[in-house]
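**Q** Right, I'll just put the structure down here and ask away after.
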Amino acid sequence: MRPAVAVVLGFVAIESGGAVAQPAALKRPDASLITIVTLPAVAPGRPPRDRVEEAERWMIVGRDQGLAAAVADQARDPVAAATARRRAAEAWRAATAVELPPPSAPPHRRARALQLRMSAHAWLGDAAAAADDAAALIAACPGCPLAADAELRIGERAFAAGELDAATGAFTAAATHASAGLEVRGFAHYQLAWVAHNRGDQAAVRRHLRRTLAYAASIGARGRLMAKAATADLATLTASPSP
């Protein structure tokens, strides 16, 4: 049983437990991770140049509607929130339906398309499809920075299923990927701390959370929520017995 979470932008707190203690996660709107992928500004009225840009545009619509839903929730407007969530889901489904570039396309473009589809599937709550996209991304461009983000997605699915060895392997691959950004590395160590908590390894919990804090300090404002969650967990996870 997966725990209930309070959906907000950024890290969220766990409200109820399950078979595996779940980490507060860097949330994407409406139930999944906020993507580390950047979405470009779009020139109004210009048609998309290719399939990747078409998917990006649908993702931008979904992101903006997800944010609108969060704002409506804060304003206690359930009708507006429901409308925005419906529009976000429609946009994400449209993004998943965009045809991938052919295998002959440059590997980084095919990887980008797979990352967008992976994020859309995750936002729609389809963890299995997101993990399949992640595996395809890694196969298409193993040296791309996007492959580290894909390893995170694979690790999250394994962790949710209680497969701690597989989760450790994927999160470690993300944290040590040669092209991984600081944000990916920080979040990978954050997840590894929670895996360690489930294993009862308090020393590893401290080690990974301190690394998370170090990476969060290196990325400025974008790292504040990560640092806040890691600081809180450093106090609570190391002061309480592991599951």
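The values are calculated or read from the model by the stated rules, or taken from the named source; none is laboratory data. Quantities reported herein were computed from a predicted structural model and do not represent experimental measurements. For neighbour counting, all protein chains shown are included, and Cβ atoms are generated from backbone atoms with ideal geometry for every residue, glycine included.
**Q** Out of all the residues in segment 213-243, which are at pLDDT below 85 and in a loop (DSSP other than H, G, I, E, B)?
**A** Once the filter is applied, which keeps residues that are at pLDDT below 85 and in a loop (DSSP other than H, G, I, E, B), segment 213-243 yields 237, 238, 239, 240, 241, 242, 243.
**Q** Sticking with this structure for a sec: Under 7 Å between Cβ atoms, which residue pairs at least 6 apart in sequence (or on different chains) link something in segment 167-194 that is free of Cβ contacts under 8 Å to residues at least 40 places away in the same chain with a partner that is charged (D, E, K, R)?
**A** Going by the 7 Å Cβ cut-off, the qualifying pairs are 170/151; 173/151; 174/151; 175/185; 177/151; 189/211.
**Q** Could I ask something else about it? Based on this model, can you work out whether residue 90 counts as under 15 Å from residue 60 (Cβ atoms), surrounded by fewer than 19 Cβ atoms within 10 Å (Cβ to Cβ) and either modelled with pLDDT of 90 or more or aromatic (Phe, Trp, Tyr) (or both)?
**A** It is true that residue 90 is under 15 Å from residue 60 (Cβ atoms), surrounded by fewer than 19 Cβ atoms within 10 Å (Cβ to Cβ) and either modelled with pLDDT of 90 or more or aromatic (Phe, Trp, Tyr) (or both).
**Q** Assess whether residue 222 counts as being surrounded by fewer than 16 Cβ atoms within 10 Å (Cβ to Cβ) and under 17 Å from the mean Cα position of the chain (by Cα).
**A** yes
**Q** Continuing with this model, one more query. When you look at residue 105, is it touching a helix residue (DSSP H, G or I) at 6+ places or on another chain (Cβ under 9 Å) and in a helix (DSSP H, G or I), yes or no?
**A** no
**Q** Of the conditions (1) modelled with pLDDT of 95 or more; (2) in contact with a Gly (Cβ under 6 Å, 6 or more places away or on another chain), residue 82 clears all except one; give me its number.
**A** It is condition (2) that residue 82 fails.
**Q** (1) modelled with pLDDT under 95; (2) surrounded by fewer than 17 Cβ atoms within 10 Å (Cβ to Cβ); (3) at negative phi: which one isn't true of residue 110, the others all being true?
**A** The single condition residue 110 does not satisfy is (2).
**Q** Quick test of your reading of the structure: residue 88 fulfils all but one of (1) assigned to a loop (DSSP other than H, G, I, E, B); (2) within 28 Å of residue 52 (Cβ to Cβ). Name the failing condition by number.
**A** Unmet condition: (1).
**Q** Only one residue in 173, 135 is surrounded by fewer than 20 Cβ atoms within 10 Å (Cβ to Cβ), modelled with pLDDT of 90 or more and more than 24 Å from residue 92 (Cβ to Cβ). Which one?
**A** Among 173, 135, only 173 is surrounded by fewer than 20 Cβ atoms within 10 Å (Cβ to Cβ), modelled with pLDDT of 90 or more and more than 24 Å from residue 92 (Cβ to Cβ).
**Q** Okay, moving on. If I ask for residues that are under 23 Å from residue 121 (Cβ atoms) and crowded, with 24+ Cβ neighbours inside 10 Å, which ones from segment 181-193 would you list?
**A** 187, 188, 190, 191
**Q** Of the numbered conditions (1) buried (at least 16 other Cβ atoms within 10 Å of the Cβ); (2) touching a Ser or Thr at 6+ places or on another chain (Cβ under 9 Å); (3) at pLDDT below 50, residue 4 fails exactly one; give the number of that condition.
**A** (1)
**Q** Anything in segment 93-107 that is touching a Leu at 6+ places or on another chain (Cβ under 9 Å) and surrounded by 17 or more Cβ atoms within 10 Å (Cβ to Cβ)? List them, or say none.
**A** Of everything in segment 93-107, those that are touching a Leu at 6+ places or on another chain (Cβ under 9 Å) and surrounded by 17 or more Cβ atoms within 10 Å (Cβ to Cβ) turn out to be 95, 96, 98, 100.
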